[in-house]
Amino acid sequence: MTARSGRHFLQIPGPTNVPDRVLRAIDAATIDHRGPEFSALGKSVIAGLQRVFRTEGPVAIFPASGTGAWEAALVNTLSPGDQLLAFETGWFASLWRQLAERLGLKVEFIPGDWRHGVDPQKLEARLKADHAHAIKAVMVVHNETSTGVTSRVAEARAAIDRAKHPALLLVDTISSLASIDYRHDEWGVDVTVAGSQKGLMLPPGLSFNAMSRKALAAHKSAKLPRSYWDWDPLIAARDTGFFPYTPATNLLYGLKEAIAMLEEQGLENVFARHDRHAEATRRAVTAWGLEVLAQDPREYSSSLTAVVVPEGHDADALRQVILDRFDMSLGTGLGKVKGKVFRIGHLGDFNDLTLMGTLAGVEMGLGIAGVPHKKAGVQAAMDYLAGNAKAGAR
Ligand SMILES: Cc1ncc(COP(=O)(O)O)c(C=O)c1O
């Protein structure tokens, strides 16, 4: 590999670029995780996460990738053989289902075309038909990172309520928390799953569960075996600041700083910024004459855009050209859409010019790779951003 100058453009939909402030915060001596200084840190990051999740309830922090928090959400609330309902929205919904089945749970998987999110009407109809209340939980991936489709969680909640069904609502916000509006308490979510490496602008390595009262009640009778993932000692950390095992101390320094950055900007402005960059990206895609994978405008993702390449062209070959020529990483197509789409991540520590650099790299790459397109995407995005410089722009 030849030596590169300038920063690599990491425009995958997570892990995202880690801001210098967060990197500097992590770059500090590790402290005694049983000492008083740590206790203050532990309490402060848990309180900060409650504000980000918008919950008054407990939040557990795991030294694990998002998959660990997926597992924790299940083993803390369910028993062997329990029936779950999930929707095939894409690759991550499919992986979560697989994990649940490996734990001995039975998942009914409503088929999908990987271009739409959870259909609240289908959810309501299925739950209404479950007279015996055999379904114990509904699993929803809020933002499907493989497709750029955001499911409407508040509407899913309303559908469950209309069906008067007691199932728990478990929601994966791994690629939406701190990028797309999300409200754990207000939306009546029972367990929210999240990770450090996307909207929270940290390196990979931390993941989270936020829990409702109903989830805590289910936890008391849940019979799946659990040890490392058990919520109890992690809930106690809210008052003590201490964890039951060695925490990822330096990542917690970073978390404290990242929460401070989000709150300085204001979460509403952070969401508005992501919405705006997503809109500029879609305008570029349309001006290129290409297609966004998400088909329902109510479900467009603000943290990433999956772009469909024309028939006869390979999205991964295009990504390779862009990596080789411009030192930019774009997201690959996963599972069923491998080779058919590439994904532009526009989340985390990101501004107008990061987006313009990203879109310029894509437009140049389309030309070099010989993918038919109009050279109008960058201009369309610039016109939108310049004409629409709102508070969220910073
Ligand atoms: C929506 C979603 N869920 C779950 C995961 C799995 O998380 P991890 O790879 O951190 O274990 C990812 C990873 O990208 C994701 O985007």
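Within the option set V138, V171, V153, being among the aliphatic types (A, V, I, L, M), open to solvent by less than 10 Å² (accessible area, probe 1.4 Å) and within 11 Å of the ligand (Cβ to nearest atom) holds for one residue only, V171. Taking the stretch 12-38, which residues are away from the ligand (no atom under 16 Å from the Cβ), in contact with an Asp or Glu (Cβ under 7 Å, 6 or more places away or on another chain), β-branched (V, I, T) and in a loop (DSSP other than H, G, I, E, B)? Selection gives I31 alone.
Somewhere in the stretch 121-136, is a residue farther than 18 Å from A218 by Cβ and under 16 Å from the mean Cα position of the chain (by Cα)? Give the steps one after another, and end with the answer.
Initial filter on the stretch 121-136 (farther than 18 Å from A218 by Cβ): 121-126, 128-129, 131.
Those still in the list that are under 16 Å from the mean Cα position of the chain (by Cα) too: none.
Scanning the stretch 121-136 turns up no residue that is farther than 18 Å from A218 by Cβ and under 16 Å from the mean Cα position of the chain (by Cα).
Checked against (1) more than 21 Å from the chain's Cα centre (by Cα); (2) within 11 Å of the ligand (Cβ to nearest atom), A93 meets all criteria but (1).
All conditions but one from (1) in a helix (DSSP H, G or I); (2) more than 23 Å from W229 (Cβ to Cβ) apply to R115; the one that does not is (1). When the stretch 63-93 is filtered for residues that are among the acidic types (D, E) and closer than 24 Å to S301 by Cα, only E88 remains.
Within the stretch 117-131, is even one residue at pLDDT 95 or above and either within 24 Å of D232 (Cα to Cα) or within 16 Å of the ligand (Cβ to nearest atom) (or both)? Yes, because at least one residue in the stretch 117-131 is at pLDDT 95 or above and either within 24 Å of D232 (Cα to Cα) or within 16 Å of the ligand (Cβ to nearest atom) (or both). Under the condition of being part of a helix (DSSP H, G or I) and aliphatic (A, V, I, L, M), the residues counted in the stretch 120-140 number 4. Scanning the stretch 57-89 for residues that are within 15 Å of the ligand (Cβ to nearest atom) and part of a helix (DSSP H, G or I) turns up G66, T67, G68, A69, W70, E71, A72, A73, L74.
Looking across K338, K374, one residue alone is charged (D, E, K, R) and under 26 Å from the mean Cα position of the chain (by Cα). It is K338.
Every residue in the stretch 26-39 that is surrounded by 12 or more Cβ atoms within 10 Å (Cβ to Cβ) and farther than 16 Å from T246 by Cα, please. Spell out the reasoning first.
Filtering the stretch 26-39 for residues surrounded by 12 or more Cβ atoms within 10 Å (Cβ to Cβ) gives 26, 31, 33, 38-39.
The answer is I26, and nothing else.
Within the stretch 179-215, the set of residues being of a type in the set (A, V, I, L, M, F, W, C) and surrounded by fewer than 24 Cβ atoms within 10 Å (Cβ to Cβ) comprises I180, W187.
The values are calculated or read from the model by the stated rules, or taken from the named source; none is laboratory data. All figures in this text were calculated on a predicted structure; none of them were measured in a lab. Note that each Cβ is placed from the backbone with ideal geometry, even for glycine, and that neighbours are counted across all protein chains shown. Ligands, DNA and RNA are excluded from the accessible area calculation, which covers all protein heavy atoms including side chains. Shrake-Rupley method; radii C 1.70, N 1.55, O 1.52, S 1.80 Å.
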